[in-house]
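This report refers to the structure that appears directly beneath it.
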Amino acid sequence: MGIGKVLYVSIFLSMVLGLAKSIEFTEKDLASDESLWDLYERWRSHHTVSRDLAEKKLRFNVFKANVQHVHKVNQMDKPYKLKLNKFADMTNHEFRNSYSSKIKHHQMLRGSRAHTGFMYEKADNLPASVDWRKQGAVTPVKNQGNCGSCWAFSTVVGVEGINKIKTGTLVSLSEQELVDCEKDNEGCNGGLMENAYEFIKKEGGLTTETVYPYSAKDGRCDSAKVNTPAVVIDGHENVPVNNENALMKAVANQPVSIAMDAGGSSLQFYSEGVFTGDCGTELDHGVAIVGYGTTVDGTKYWIVKNSWGAEWGEQGYIRMQRDINAEEGLCGLAMQASYPVKTSSANPKQSAKDEL
């Protein structure tokens, strides 16, 4: 079995096991504050969340409101489900401040996006479904932690993917180099994927995660580490705005970075299924589309890799409805998509231990 098939089987099994481990609750758990407190303690134990007594009392009220939201949504006839994940005693405001990024804000400061070519404009006869995980072009799900560096993770998915496609080698690359060294962006305070792609081009490549590991905080750029680039790219292209058909053409050829509005409570607690929920277009999170498909009942979806750890969603992924009746796509996912360009299979020399 090839590395791509092994990786995909591993992801599938992890998804099944991960869903089985989620905290379940019933109407009985919602019957009283006493039973809800027991549920809260069970949730804390499951997620190893430590709180002192005063903090627990404050957090319990937040947890209680979140439980009611999860329960209410799960009682509806929706194609997706929510769960009490590790964010269950955070308010939505706290969640947005901790795990999202100011993408729309940074775009407003930078001005209009640069005009680029779109090499896939004339692509046709697209496959009915694509999953770059099956091709071994996607590394395991990572976790940005309490740092608004999603833009760096989104960028790295794109570069890891095109590098695998062009060279046949999957290399896990360094988000921390981008956080510390890419000065057009603001590290844990947000940024844009296009800036990061151009930084990698200008600097002559990006080093590996092994050489420059992630710390989930802003740091000083380590010049000794960045002098060992592992993967190079030739720049980036932007997908035509508000065009899911163009986005599909790009994704059929490589993983693509996108921005989306990820601040809704239902996204905070997303567990499984095709997400069709309420969200706006306040772009505040960078993720990456690594495929697309259609369910047996005909619902079209995107396969989106997130950076909130493997405990969230479908083992770190979310399937989002595709081809909706809004040009910007669900949660604005078609508004600001981009991908790296790599024309050669050449890379700087690297040691075998740095390869995934």
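Could you check the stretch 1-101 for helices (runs of 4 or more DSSP H) lying wholly inside it with 2 or more residues that are modelled with pLDDT of 80 or more? Show your work before the answer.
Working: elements: 3-20, 33-47, 53-74, 92-99.
Where helices (runs of 4 or more DSSP H) fall fully within the stretch 1-101 and carry at least 2 residues being modelled with pLDDT of 80 or more, they are 33-47, 53-74, 92-99.
For the stretch 274-283, which residues satisfy the criterion of being outside any strand (DSSP E or B) and surrounded by fewer than 24 Cβ atoms within 10 Å (Cβ to Cβ)? Spell out how you get there, then give the answer.
Residues of the stretch 274-283 that are outside any strand (DSSP E or B), as a first pass: 276-283.
Correct list: 276, 277, 278, 279, 280, 281, 282.
Identify all residues within the stretch 218-229 that are more than 15 Å from residue 159 (Cβ to Cβ), touching a helix residue (DSSP H, G or I) at 6+ places or on another chain (Cβ under 8 Å) and either part of a loop (DSSP other than H, G, I, E, B) or β-branched (Val, Ile, Thr) (or both); write none if there are none. Lay out the reasoning, then the answer.
Within the stretch 218-229, the subset more than 15 Å from residue 159 (Cβ to Cβ) is 218-225, 227-228.
If we keep only those that are touching a helix residue (DSSP H, G or I) at 6+ places or on another chain (Cβ under 8 Å) too, we end up with 218-222, 225.
Correct list: 218, 219, 220, 221, 222.
Residues checked against (1) among the small types (Gly, Ala, Ser); (2) touching a residue at least 12 places away in the same chain (Cβ under 8 Å):
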position: 59; (1), (2): no, yes
position: 72; (1), (2): no, no
position: 79; (1), (2): no, yes
position: 91; (1), (2): no, yes
position: 107; (1), (2): no, yes
position: 123; (1), (2): yes, yes
position: 128; (1), (2): yes, yes
position: 133; (1), (2): no, yes
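Every residue, every condition in (1) modelled with pLDDT under 95; (2) touching a Gly at 6+ places or on another chain (Cβ under 6 Å); (3) β-branched (Val, Ile, Thr), yes or no:
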| position | (1), (2), (3) |
| --- | --- |
| 213 | no, no, no |
| 233 | no, no, yes |
| 254 | no, yes, no |
| 257 | no, yes, no |
| 260 | no, yes, no |
| 263 | yes, no, no |
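Out of the residues in the stretch 190-217 that are in a loop (DSSP other than H, G, I, E, B), under 20 Å from the mean Cα position of the chain (by Cα) and among the small types (Gly, Ala, Ser), state the one that is surrounded by the most Cβ atoms within 10 Å (Cβ to Cβ). It would help to see each step written out before you state the result.
Of the residues in the stretch 190-217, the ones in a loop (DSSP other than H, G, I, E, B) are 190-192, 204-205, 207, 209-217.
Filter once more, so that each one left must be under 20 Å from the mean Cα position of the chain (by Cα): 190-192, 209, 213-217.
With among the small types (Gly, Ala, Ser) added as a condition, the list becomes 190-191, 215-216.
Numbers: 190: 22, 191: 30, 215: 13, 216: 14.
Among residues in the stretch 190-217 that are in a loop (DSSP other than H, G, I, E, B), under 20 Å from the mean Cα position of the chain (by Cα) and among the small types (Gly, Ala, Ser), the one surrounded by the most Cβ atoms within 10 Å (Cβ to Cβ) is 191.
Consider only pairs whose beta carbons are under 9 Å apart and that are at least six residues apart or on different chains; among these, list those whose first residue lies in the stretch 142-164 and is on the phi > 0 side of the Ramachandran plot and whose second residue is assigned to a helix (DSSP H, G or I) and surrounded by fewer than 24 Cβ atoms within 10 Å (Cβ to Cβ).
Hits for this filter: 145/98.
Among the listed residues 318, 303, identify the single one that is within 19 Å of residue 246 (Cα to Cα), at pLDDT 95 or above and assigned to a strand (DSSP E or B). Let's see the steps before the verdict.
On the way: 318 fails: within 19 Å of residue 246 (Cα to Cα).
Being within 19 Å of residue 246 (Cα to Cα), at pLDDT 95 or above and assigned to a strand (DSSP E or B) holds for just one of 318, 303, which is 303.
Do any residues in the stretch 260-271 that are within 11 Å of residue 83 (Cβ to Cβ) have Cβ atoms under 6 Å from those of residues that are assigned to a helix (DSSP H, G or I) and not β-branched (Val, Ile, Thr), where the two are at least six apart or on different chains, and which pairs are they?
If the second residue must be assigned to a helix (DSSP H, G or I) and not β-branched (Val, Ile, Thr), the pairs left are 268/95.
Looking at the stretch 284-300, which of the residues that are β-branched (Val, Ile, Thr) and part of a loop (DSSP other than H, G, I, E, B) is nearest to residue 266 (Cα to Cα)?
Among those residues, the one meeting the criterion is 299.
Within the group 117, 145, 136, which residue is farther than 30 Å from residue 62 by Cα, open to solvent by 10 Å² or more (accessible area, probe 1.4 Å) and small (Gly, Ala, Ser)? Quick ask: steps written out before the conclusion?
Working: 145 fails: farther than 30 Å from residue 62 by Cα; 136 fails: open to solvent by 10 Å² or more (accessible area, probe 1.4 Å).
The conditions single out 117.
Restricting the search to the stretch 249-264, which residues are polar (S, T, N, Q) and open to solvent by less than 30 Å² (accessible area, probe 1.4 Å)? Please lay out each step first, then the result.
Residues of the stretch 249-264 polar (S, T, N, Q): 253-254, 257.
Matches in the stretch 249-264: 254, 257.
Quick grid of which residues meet (1) under 20 Å from residue 304 (Cβ atoms); (2) out of contact with any Gly (no Cβ under 6 Å at 6 or more places or on another chain); (3) open to solvent by less than 30 Å² (accessible area, probe 1.4 Å):
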| position | (1), (2), (3) |
| --- | --- |
| 57 | no, yes, no |
| 60 | no, yes, yes |
| 77 | no, yes, no |
| 83 | yes, yes, yes |
| 88 | no, yes, yes |
| 112 | no, yes, no |
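Tell me, please, whether a residue that is over 30 Å from residue 167 (Cα atoms), part of a loop (DSSP other than H, G, I, E, B) and in contact (Cβ under 8 Å) with a residue 24 or more places away in the chain can be found in the stretch 336-352.
Just the residues of the stretch 336-352 that are over 30 Å from residue 167 (Cα atoms), to begin with: none.
There is no residue in the stretch 336-352 that is over 30 Å from residue 167 (Cα atoms), part of a loop (DSSP other than H, G, I, E, B) and in contact (Cβ under 8 Å) with a residue 24 or more places away in the chain.
Kindly indicate which of 238, 347 is in contact with a strand residue (DSSP E or B) (Cβ under 8 Å, 6 or more places away or on another chain), within 25 Å of residue 211 (Cα to Cα) and open to solvent by 10 Å² or more (accessible area, probe 1.4 Å).
Details: 238 fails: within 25 Å of residue 211 (Cα to Cα).
Answer to the check: 347.
Which of the residues belonging to the stretch 157-186 are modelled with pLDDT of 95 or more and part of a loop (DSSP other than H, G, I, E, B)? Write out each step before concluding.
So in the stretch 157-186, the residues modelled with pLDDT of 95 or more come out as 157-182.
Answer for the stretch 157-186, where residues must be modelled with pLDDT of 95 or more and part of a loop (DSSP other than H, G, I, E, B): 168, 169, 170, 171, 172, 174, 182.
For every residue, the table says whether it meets (1) open to solvent by 10 Å² or more (accessible area, probe 1.4 Å); (2) under 30 Å from residue 125 (Cβ atoms); (3) out of contact with any Lys or Arg (no Cβ under 6 Å at 6 or more places or on another chain).
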position: 243; (1), (2), (3): yes, yes, yes
position: 247; (1), (2), (3): no, yes, yes
position: 272; (1), (2), (3): yes, no, no
position: 289; (1), (2), (3): no, yes, yes
position: 300; (1), (2), (3): yes, yes, no
position: 313; (1), (2), (3): no, no, yes
position: 320; (1), (2), (3): no, yes, yes
position: 334; (1), (2), (3): no, yes, yes
position: 340; (1), (2), (3): no, yes, yes
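The values are calculated or read from the model by the stated rules, or taken from the named source; none is laboratory data. Only a predicted model underlies this, so the values are computations on that prediction, with no experimental measurement involved. Quick reminder, even Gly has a Cβ in these numbers, built from the backbone with ideal geometry, and neighbours come from all protein chains shown. Only protein heavy atoms, including side chains, enter the accessible area calculation; ligands, DNA and RNA are left aside. Shrake-Rupley method; radii C 1.70, N 1.55, O 1.52, S 1.80 Å.
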